[in-house]
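Okay, structure first, notes after.
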Amino acid sequence: MSDRTPVPDPDLQPASDDPAPVVARTPQPEPSPETSPVPAPAVAPETAPATLPATIPPAQPPTTTTVRKTSERPRRILTRGRIIAAVVLLAIIAITVRLLRGTPLSVEVAQVTRGPLQVTVDADAVTRVRSRFTITAPVAGLVSRITYSEGDSVNAGDVVAVIAPPPTDPTARGVAQAALRAAEAARSNASANLARATTSLAQAERDAARTRTLAAAGALANRDVEMAQLQVDGRRSDVAAARAQVNSADAEFAQARASLLSTTGSSQATTTVRTPAAGRILLIPERSERVVTPGTPLVEVGDPSSLEIAADVLSSDAASIRPGQSVTLRGWGGAPLYGSVRRVEPSARKRISALGVEEQRLSVIIDLTTHPAALGDGYRLESSIVVWQAPRVLTVPASALFRNDERWQLYALQDGRAHLRDVNIGHTGSGSAEVLSGVGERDTVIVFPSEALRDGTRVRARSR
């Protein structure tokens, strides 16, 4: 054997913390693309020259190079993991600090301003003709078809409807005819009695004249004259009674004749309905021919150029309304209209609201300043009656106020925090409220405060 021992290259030694003997003798894993060792020089075949001993180990450089690359990979992985852990730790610390400080709450804000303020009573209203006439049927019967249309002009006394007797059955017509014949016979009998009584009276008067002539000649006594005069007076009474009987028979005959005419529908029994005043036809409930009873509405007549507004208000709101107060009318389909209160009705009526609540309401009558031609009868409007106004007061949005027990409060924004303040409120209207104390002009307040808002909460304002 040879005395030469291979000397390892210092540049190829592993790191001091990785024992070289162990790594060098460990079976090498399957090389990966990242740690593929540098191709080692070809080992001499078994047929090497005989001068080299068989126990000399193969060359060391390839094995040493592989050990160095595999030991550097865990170190790089360890360094990268420490960096990631440090970044995660810093992020957790930042989030914790942010949570401890609290995220500013986003709020809407507005400024306290000074300007005009109006307090109004808002109510639904409807237009109506000031002088309106509802023409009804005076009698029961068959009303003919109405030839007028809504909007037609009429004069006072024009015929707007004709009512004929209602149709009857043949039995009723027969009864009416028999009653007419009976009345006619009674009238004839009464006329005969009158003629007979008249003749008897004439004869009695002639007898009385002869008796007075004979008594004047001394042929008859005065008693005979008196008896003759008594006969004349009796016959005169009979004539008067017969004449009254004739009048009664005539009335019965006329009644029976009218009854018969009503059953036959004669034109002589029709009733005409006339307009009481000039104007225009506003409403015809039913145009077709039909049977009506007394009091059935037929036509409504009025002058649409003379309109008034009736606003339906609560009785509690009506207590602050006075004649002469200004009114603004909107929602009718055109430009806003203006008017004034003429009258507040003295009596309220009970009404059930859409929510099923009983309410006491009354009408406030409003006169228009101008009457546009497009505005007609029965139009719906939205009225705002001004019950108080001031030209320059300190106001805040009503949406910034809330009640806390018996106090009005709001949140003022200052230095990025919400500060709770007590305020004194005067009049309220049109989405704003009059502030008497608690905030000043140009102060910033929070509108629509949420339940999460507290005194001292950090907030961030956003534009409305």
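The residue pairs whose first member lies in segment 227-249 and is surrounded by 13 or more Cβ atoms within 10 Å (Cβ to Cβ), whose second member is β-branched (V, I, T), and whose beta carbons are closer than 6 Å, counting only pairs six or more residues apart or on different chains, are A228/T211; V239/T198. Scanning segment 205-214 finds one or more residues that are assigned by TED's automatic domain parsing to the domain that holds V162, surrounded by 14 or more Cβ atoms within 10 Å (Cβ to Cβ), assigned to a helix (DSSP H, G or I) and among the polar types (S, T, N, Q).
The residue pairs whose first member lies in segment 159-174 and is in a helix (DSSP H, G or I), whose second member is surrounded by 12 or more Cβ atoms within 10 Å (Cβ to Cβ), and whose beta carbons are closer than 8 Å, counting only pairs six or more residues apart or on different chains, are A172/T263; R173/L260; R173/T263; R173/T264.
Scanning segment 304-342 for residues that are among the charged types (D, E, K, R) and either surrounded by fewer than 12 Cβ atoms within 10 Å (Cβ to Cβ) or free of Cβ contacts under 8 Å to residues at least 12 places away in the same chain (or both) turns up just one, R322. So, G218, is that one loosely packed, with under 15 Cβ neighbours inside 10 Å and in contact (Cβ under 8 Å) with a residue 12 or more places away in the chain or not? When the stated conditions are applied, G218 does not pass them. Criterion first (modelled with pLDDT under 95, surrounded by 16 or more Cβ atoms within 10 Å (Cβ to Cβ) and closer than 30 Å to I163 by Cβ) does R280 satisfy it? Against the criterion (modelled with pLDDT under 95, surrounded by 16 or more Cβ atoms within 10 Å (Cβ to Cβ) and closer than 30 Å to I163 by Cβ), R280 qualifies. Among the residues of segment 366-396, just one is of a type in the set (V, I, T) and farther than 30 Å from G426 by Cβ, namely T370.
In segment 377-413, of all residues being under 30 Å from V301 (Cβ atoms) and among the hydroxyl-bearing types (S, T, Y), the one that is surrounded by the fewest Cβ atoms within 10 Å (Cβ to Cβ) corresponds to Y379.
Identify, by number, the condition in (1) assigned to a loop (DSSP other than H, G, I, E, B); (2) under 27 Å from A140 (Cβ atoms) that I281 doesn't meet. Exception for I281: condition (1). In this structure, V292 does not qualify as among the β-branched types (V, I, T) and over 30 Å from I135 (Cα atoms). Might you let me know whether segment 364-373 holds any residue that is closer than 30 Å to N155 by Cα, surrounded by 17 or more Cβ atoms within 10 Å (Cβ to Cβ) and of a type in the set (D, E)? No - not one qualifying residue is present in segment 364-373.
Of the residues making up segment 292-303, none is under 24 Å from the mean Cα position of the chain (by Cα) and either on the phi > 0 side of the Ramachandran plot or touching a residue at least 24 places away in the same chain (Cβ under 8 Å) (or both). Condition first: in the same structural domain as A123 (by TED's automatic domain parsing), without any contact (Cβ under 8 Å) to a residue 24 or more places away in the chain, among the hydroxyl-bearing types (S, T, Y) and surrounded by fewer than 15 Cβ atoms within 10 Å (Cβ to Cβ). Can you find one or more residues in segment 343-354 that meet it? Checked against the condition, which is being in the same structural domain as A123 (by TED's automatic domain parsing), without any contact (Cβ under 8 Å) to a residue 24 or more places away in the chain, among the hydroxyl-bearing types (S, T, Y) and surrounded by fewer than 15 Cβ atoms within 10 Å (Cβ to Cβ), segment 343-354 yields at least one hit.
Among the strands (runs of 3 or more DSSP E) confined to segment 366-464, the ones with at least 2 residues that are touching a residue at least 12 places away in the same chain (Cβ under 8 Å) and under 29 Å from the mean Cα position of the chain (by Cα) are located at 380-397, 417-429, 432-437.
Here D317 does not qualify as out of contact with any helix residue (DSSP H, G or I) (no Cβ under 8 Å at 6 or more places or on another chain), in a strand (DSSP E or B) and either more than 29 Å from Q111 (Cα to Cα) or not assigned by TED's automatic domain parsing to the domain that holds R442 (or both).
The values are calculated or read from the model by the stated rules, or taken from the named source; none is laboratory data. A quick note: this is a predicted structure, and the numbers were derived from the prediction, not measured. All Cβ positions, glycine included, derive from the backbone under ideal geometry; neighbour counts span all protein chains shown.
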